[in-house]
């Protein structure tokens, strides 16, 4: 039998115009437009040319592919016109999963965001005075109530906590020295390193102490006329245990006051509720920092606070005013959508309606509540090819918050004969919506703590569909 040359195979391919004239693509052009369908057809034909050129597609394979060209173009068109950013079901048990968007927003936040997005708003307009106002007022008033301080506290908001740290250091310590413990020179996700941020801010790093032990005398010894700031950085994504020492925040504040040097704390996560109520201990809150007397504390909006991505700076009136007057503030400030979501989230705290904040609601779920849901899911999967077991396990807060803390949970362990755990997890990711699970000891594990109850049925449907 004569073997077809690559040139012969190329000649078998239709032109873009020929493909567009097919009945199926004519209908697609009427629905989605000529330009989009043409681009999809070009992509599919170019993909086939590459396969032929690389020797991965022979005459028999091409003969199988050609009748399906219209379907391939339609799939390509769907991918190109569909949203890339889309919802997924987080069944990992990691509540603040950075890769999955961290804290989901509550219903009130979504509704307030929708109202602000579809209309004009008083973002920077004082309705009573009929003149320009400040966007800070929409959340500053709520932070004042929540931080419950007997002195005046101000708050400004930027686009994330890295920006908050950069802005604070630049505003308070540009060209001056900032004293920080070596044990706090952390790197968190995305290669965010405190020394690098400090360098970009224009401040000069002055390391003191050792990795595991830093005393108050270590902070005091290098103080000189160039010292502008004492910095405390919360170790948000790791722990140092054993032979350790760290001065209290109160001691650091007292040292700063004695020398007339402000103290800044980068909390990272920044809880506004009592974490001990959900079994998480040792994680400082924003109220604790303010009560200790720090001049500025920085924290995230989309971690333990449970709101939108934001970097929040709270503290004494004068340093916050300096930060707000920095030209960088305008470059880093947030828009009306962030303010809307943040305002609604803070109002839930003011009303003490913590269950209205999804991340907090997930933390508060008991193991017994999760076990009831897990048993119901397992029951629905009986009779399918899925082998399902319930197992004790642990959920984690995630997002660089409370690194040593875990929450007891009930896991759904799934395995399927003939499928590896990696293959099963990949099939679950291919469902609509994608289900993201974790793999341990050769089993796919689903933790319903991070699955909304109304999504339990989708978990069942996804598992049933991938094992048929």
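Listed here are the residues, each with its yes/no results for (1) at pLDDT 90 or above; (2) under 22 Å from residue 162 (Cα atoms); (3) crowded, with 19+ Cβ neighbours inside 10 Å.
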{"site": "245", "(1), (2), (3)": "no, no, no"}
{"site": "262", "(1), (2), (3)": "yes, yes, yes"}
{"site": "282", "(1), (2), (3)": "no, no, no"}
{"site": "285", "(1), (2), (3)": "no, yes, yes"}
{"site": "302", "(1), (2), (3)": "yes, yes, yes"}
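In the range 430-448, how many are part of a strand (DSSP E or B) and either outside the structural domain of residue 417 (by TED's automatic domain parsing) or over 18 Å from residue 378 (Cβ atoms) (or both)?
As a first pass, look at the range 430-448 and keep what is part of a strand (DSSP E or B): 435-436, 438-440, 443-447.
Still in the running and either outside the structural domain of residue 417 (by TED's automatic domain parsing) or over 18 Å from residue 378 (Cβ atoms) (or both): 436, 439.
Adding up the residues that qualify gives 2.
Any idea which of 458, 413, 426 is assigned to a helix (DSSP H, G or I), modelled with pLDDT of 95 or more and touching a strand residue (DSSP E or B) at 6+ places or on another chain (Cβ under 8 Å)?
Working: 413 fails: assigned to a helix (DSSP H, G or I); 426 fails: touching a strand residue (DSSP E or B) at 6+ places or on another chain (Cβ under 8 Å).
That would be 458, the only listed residue that is assigned to a helix (DSSP H, G or I), modelled with pLDDT of 95 or more and touching a strand residue (DSSP E or B) at 6+ places or on another chain (Cβ under 8 Å).
Against the definition (in contact with a helix residue (DSSP H, G or I) (Cβ under 9 Å, 6 or more places away or on another chain), assigned by TED's automatic domain parsing to the domain that holds residue 333 and over 30 Å from residue 395 (Cα atoms)), how does residue 73 come out, yes or no?
Details: in contact with a helix residue (DSSP H, G or I) (Cβ under 9 Å, 6 or more places away or on another chain): yes; assigned by TED's automatic domain parsing to the domain that holds residue 333: no; over 30 Å from residue 395 (Cα atoms): yes.
In short, no.
Hey, among 378, 374, 402, which residue is modelled with pLDDT under 95 and buried (at least 16 other Cβ atoms within 10 Å of the Cβ)? Walk me through it before giving the result.
On the way: 378 fails: modelled with pLDDT under 95; 374 fails: modelled with pLDDT under 95.
Unique residue meeting the criteria: 402.
Give, as residue ranges, the helices (runs of 4 or more DSSP H) completely inside the range 285-401 that count at least 3 residues that are under 17 Å from residue 411 (Cβ atoms) and either in the same structural domain as residue 93 (by TED's automatic domain parsing) or touching a helix residue (DSSP H, G or I) at 6+ places or on another chain (Cβ under 6 Å) (or both).
Numbers: elements: 286-292, 317-325, 327-332, 336-350, 358-364, 367-380.
Counting at least 3 such residues, we get 367-380.
Quick one: would you say residue 29 is more than 34 Å from the chain's Cα centre (by Cα) and either in the same structural domain as residue 393 (by TED's automatic domain parsing) or not in a helix (DSSP H, G or I) (or both)?
Judged against the criteria, residue 29 is not a match.
This table checks each residue for (1) over 24 Å from the mean Cα position of the chain (by Cα); (2) in a helix (DSSP H, G or I); (3) modelled with pLDDT of 95 or more; (4) in the same structural domain as residue 322 (by TED's automatic domain parsing).
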{"position": "157", "(1), (2), (3), (4)": "no, no, yes, yes"}
{"position": "162", "(1), (2), (3), (4)": "no, yes, no, yes"}
{"position": "165", "(1), (2), (3), (4)": "no, yes, no, yes"}
{"position": "170", "(1), (2), (3), (4)": "yes, yes, yes, yes"}
{"position": "183", "(1), (2), (3), (4)": "yes, yes, no, yes"}
{"position": "199", "(1), (2), (3), (4)": "yes, yes, no, yes"}
{"position": "205", "(1), (2), (3), (4)": "yes, no, no, yes"}
{"position": "218", "(1), (2), (3), (4)": "yes, yes, no, yes"}
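The values are calculated or read from the model by the stated rules, or taken from the named source; none is laboratory data. Keep in mind the model is a prediction, meaning the values are calculated, not measured. Cβ atoms come from the backbone with ideal geometry, glycine included; neighbour counts cover every protein chain shown.
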